[in-house]
Structure formats: C-alpha cells, structure tokens
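Participant: Let me give you the structure first, and then I'll get to my questions.
The values are calculated or read from the model by the stated rules, or taken from the named source; none is laboratory data. Keep in mind that this is a model prediction, so the values were computed, not measured. Positions of Cβ are generated from backbone atoms using ideal geometry, with glycine treated the same way; all protein chains shown enter the neighbour counts.
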Amino acid sequence: MSRPQERVGARSGPQHVVHLLSFDVEEYFQVEAAARSGVCRTDWQGFGKRLSPAVDRILQALADHQITSTFFVLGWVARHESDVVRRIADAGHEIASHGMEHRMLQHLTPDRFRKELLDSRSLLEDISGRPVVGYRAPTFSLTHETAWALDTLARAGYQYDSSAFPIHHDRYGVPDAPAGVHRAIGPEGGTVLEIPPLTLRLLGMNWPVGGGGYLRVLPVRVVGWALRNASRRGRTGLLYLHPWEVDHEQPNLPMPPATRARHRVGLRRTEAKLRWLLRRFQFTSINRCLDSLLEQATETYAYGRPQERV
C-alpha cells in the first residue's frame, strides 16, 4: 500500500520544514578506510558481525521519536544478514540500495555497476516486499570522473540518488555542484534526482556537517545550526549515519594509527547526538516526500562537465 507523501522544504514554511534522515547499512569492517588499510573482501567472513544490535539501537531511537528514515543497505548485508533488513522494513522504514560490496564507483565499470544495481535491488525487494527506488554510492563516490553512473542509474529505473557531496575532500566531492536537491544529468543525458548531504556555506565554501565523521567531530549544535539555517531558507537538509557509529565497543581494525583515530573518533557520543537531533527537528524518509523534493529541485547540474549548470 502506498504511503501518503509528506511535504518538505519551502512550501512547508520555515517553522515546518521536514528534513531527511538516512543510514548506510554496512558492517564496521566494510568501510573504505579498512579496504585502504588492507582488509580484503575475502576477509569479511572472518570478522565477527556486529551490525544487528547497532541497527536495533537506531530503530529504538527512531521509534521513541516516531521518525521514519531511509536505510541504504549493502547487498552483502542482504545476503548474509537478511534478518536485519527485514526488521528495518517491518519497522516502516525505506530500504534503498548501497550497492553490493562497498566498491567506490571508480573501481567499477558501467556494466559491473549496472549488475550491482539490479542484483542489490532484487535482493532488497525480495526481503522487504517493497520497491527500491533510491541509491547511494559507497563513500559518496559520484564525481565528475564517475558521472557515467548517473546514466546507468537512470537506465536502471532508479528515481533518486544520494551519492554526490558538494565539498572538497581527499576521497570524494563535487565542490561546484549545487548544495541543495537538484536534477543531476549524466554525460549521455540521463537524469536523476540528486539529494546531497547537508552542508553549511561559510567563507565562500561548502562545509560538510551532514553526518558521519562530521557529526562525530563537530559539536552537535553546529549541525543543529545548519539544519535551522536550511529551514529558514525553506530547504531540506539530509543527514546520514552508519550503524557502526553507535557501536563504540567495536574491535580495532588493522589500520594505521591516524586512520584508526579518524574511524573511531567520537563513537561514544554518536547516539546521544542523534537523539539530541531527533528531539529538536522533524525528519522523514526520502520516499515519503519524493514529489515534494522534485518540486524543490529547480536547479539542474551536468556532472562530468565542471561548473556547468543548466
């Protein structure tokens, strides 16, 4: 049964803007930092799984505040921990795709990417019993160099993407892309609704505040300030987190000290920060407000062609 669409953004008014909340569902040993430190996919089965209790803590926090969210689920998780996916769906949350094996787009060919899109959607729809219409690339790896992925997403029938981060970063980022919801165009003309994470515009630059390590490092009131700033402008802000970020007791991974510190910083405070935000702001899942987001997407941006806006 279809769900009623929620209104987000400008037409809701600054006091009633509903923001978006999302989670990337993967095990702690599947992060890109672990892969760069030598943790191979063939090693994954040797690590103890810790995803289930972390997801349950998040589901409880969302239930406490009657909030619906979007969960971008890795296909590997759907294959090996299907009960986790089922519990998320049974709680009324949106299930979207995070690919199959957490490979950044630059490590995939268009054909391999299409197979990942189709395989992950098939797995997730079989488990959840609901259509999968959204995608997020591992490590926000949609860039000008991987813009071909937008054409593949459009051909595969996905309605929205959340893979581009409009910032400067050592691993990802499209700093000249729009900071708000927009229509993304691939090199071959494929068009997909793009929903980037929340940023804060200061000193002529977009600063990342929309979740993950940024939420763990920054005072939570900075994130709240950014959400209120978006609300005043009638814009929707998107936050993201990972279940492993509420699990401060996870084992240390074989990483260099600086990388390990970057991965673990602020883990003890993440759940408290999440609950602080849930008490003060309205959030919903992406699929519950797609029509409104499409209305909000008045800007079009051509990926693969830097600084070209249509």
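Participant: Would you mention how many residues in region 213-226 are under 22 Å from residue 137 (Cβ atoms) and either free of Cβ contacts under 8 Å to residues at least 12 places away in the same chain or crowded, with 19+ Cβ neighbours inside 10 Å (or both)?
Facilitator: Summing the residues that are under 22 Å from residue 137 (Cβ atoms) and either free of Cβ contacts under 8 Å to residues at least 12 places away in the same chain or crowded, with 19+ Cβ neighbours inside 10 Å (or both) in region 213-226 gives 3.
Participant: Taking the residues in region 132-145 that are closer than 17 Å to residue 72 by Cβ and of a type in the set (Val, Ile, Thr) as candidates, determine which candidate is surrounded by the most Cβ atoms within 10 Å (Cβ to Cβ).
Facilitator: 132
Participant: When you look at residue 171, is it touching a residue at least 12 places away in the same chain (Cβ under 8 Å), more than 17 Å from residue 204 (Cβ to Cβ), in a loop (DSSP other than H, G, I, E, B) and not aromatic (Phe, Trp, Tyr), yes or no?
Facilitator: yes
Participant: Keeping to region 186-212, report how many residues are loosely packed, with under 15 Cβ neighbours inside 10 Å and either without any contact (Cβ under 8 Å) to a residue 40 or more places away in the chain or in a helix (DSSP H, G or I) (or both).
Facilitator: 6
Participant: Would you confirm whether any residue within region 114-131 is buried (at least 19 other Cβ atoms within 10 Å of the Cβ), more than 14 Å from residue 300 (Cβ to Cβ) and in contact with a Phe, Trp or Tyr (Cβ under 6 Å, 6 or more places away or on another chain)?
Facilitator: Within region 114-131 (the criterion being buried (at least 19 other Cβ atoms within 10 Å of the Cβ), more than 14 Å from residue 300 (Cβ to Cβ) and in contact with a Phe, Trp or Tyr (Cβ under 6 Å, 6 or more places away or on another chain)), the answer is no, since none of the residues qualifies.
Participant: Here's another thing I want to ask about it. Test each condition in (1) over 22 Å from residue 172 (Cα atoms); (2) modelled with pLDDT under 95 for residue 247 and report the one that comes out false.
Facilitator: In the conditions (1) over 22 Å from residue 172 (Cα atoms); (2) modelled with pLDDT under 95, residue 247 misses (2) alone.
Participant: Taking the condition of being farther than 21 Å from residue 57 by Cβ and either among the basic types (Lys, Arg) or loosely packed, with under 15 Cβ neighbours inside 10 Å (or both), how many residues in region 227-258 meet it? Explain how you work it out, then say what you get.
Facilitator: So in region 227-258, the residues farther than 21 Å from residue 57 by Cβ come out as 227-238, 254-258.
Filter once more, keeping what is either among the basic types (Lys, Arg) or loosely packed, with under 15 Cβ neighbours inside 10 Å (or both): 228, 232-233, 235, 254, 256-258.
Qualifying residue count for the region: 8.
Participant: Tell me, please, whether a residue that is farther than 25 Å from residue 30 by Cβ and in contact with a Lys or Arg (Cβ under 7 Å, 6 or more places away or on another chain) can be found in region 195-210.
Facilitator: no
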